[in-house]
1. Take the residues in region 95-130 that are touching a residue at least 40 places away in the same chain (Cβ under 8 Å) and in contact with a strand residue (DSSP E or B) (Cβ under 8 Å, 6 or more places away or on another chain); name whichever of them is surrounded by the most Cβ atoms within 10 Å (Cβ to Cβ).
2. Return the only residue of TYR77, TYR70 being within 23 Å of ILE37 (Cα to Cα) and touching a helix residue (DSSP H, G or I) at 6+ places or on another chain (Cβ under 6 Å).
3. Considering region 55-81 alone, what residues qualify as being of a type in the set (Ser, Thr, Tyr) and over 18 Å from TYR25 (Cα atoms)?
4. Would you please list the contacts, defined by Cβ atoms under 6 Å and residues six or more apart or on different chains, that run from a residue in region 33-48 that is among the aliphatic types (A, V, I, L, M) to a residue that is surrounded by 15 or more Cβ atoms within 10 Å (Cβ to Cβ)?
5. Return only the number of the condition from (1) farther than 21 Å from ILE12 by Cβ; (2) surrounded by fewer than 16 Cβ atoms within 10 Å (Cβ to Cβ) that PRO59 does not satisfy.
6. Take ALA88 and tell me if it is surrounded by 13 or more Cβ atoms within 10 Å (Cβ to Cβ), assigned to a helix (DSSP H, G or I), among the aliphatic types (A, V, I, L, M) and without any contact (Cβ under 8 Å) to a residue 60 or more places away in the chain.
7. Can you report the number of residues in region 67-85 which are farther than 22 Å from LEU130 by Cα and part of a loop (DSSP other than H, G, I, E, B)?
8. Within region 32-82, work out how many residues are at pLDDT below 95 and of a type in the set (Phe, Trp, Tyr).
Amino acid sequence: MQITNGNTHSYIKKYTLQIGEVEIYEEYMLAQLNEGITLNLETANELMKIAKKHFPREPFAYITIRRNSYAVDPMMYLKVFEIENLKAIAIVSDKFIDNHNIKIEKHFFNKPMSIFKTLTEAITWAKSNL
C-alpha cells in the first residue's frame, strides 16, 4: 500500500489479505481494500481479528482508503459496533458515491464516522475521537 497523503509514521505491522492490505499503527489501523470485494460479516471478521490482536483493550480508530470500488454490507456494522474499544471510523475518498454511501452506513454504526479527502485529515480526526 502506497500512502502519500502525509502519513509519515511507520506502521507496526502490515497484513496482506485476500480482501486488501492493512497496516497497524499505534492508535489506528489503516486499510485499503481490493477492487470488487464485498465487505460483509465474513470478510470483516478478518479485520476484526487483527484489531483484537493489536488493540485488545486500547482505544483505536479504523481508517479506510476507498480508492477501489467495493460493496459494503451495512449489516456488518452491527457486529463491528460490538468492538467496544473501536472509537471511530474514518473514510478517505473524494468520490461522490462514497459521500452518499456513508450517510447510509452511519445509520448502522452508532459511533463517530466521517469522510475526508486526505489521509492527514482522517488521521487527525480519528485521533481526536480516541
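The values are calculated or read from the model by the stated rules, or taken from the named source; none is laboratory data. Every value quoted in this text rests on a predicted model; they were computed, and no experiment measured them. When we count neighbours, we look across all protein chains shown, and the Cβ atoms used for this are built from the backbone with ideal geometry, even at glycine.
1. ALA122
2. Details: TYR70 fails: touching a helix residue (DSSP H, G or I) at 6+ places or on another chain (Cβ under 6 Å).
The match here is TYR77.
3. Initial filter on region 55-81 (of a type in the set (Ser, Thr, Tyr)): 62, 64, 69-70, 77.
Matches in region 55-81: SER69, TYR70, TYR77.
4. These pairs meet every condition: LEU33/ILE19; LEU33/GLY20; LEU33/TYR70; ILE37/ILE19; ILE37/TYR70; LEU39/VAL72; LEU41/MET76; ALA44/MET76.
5. Just one mismatch for PRO59, condition (1).
6. no
7. 7
8. Going through region 32-82 one residue at a time, the tally reaches 3.
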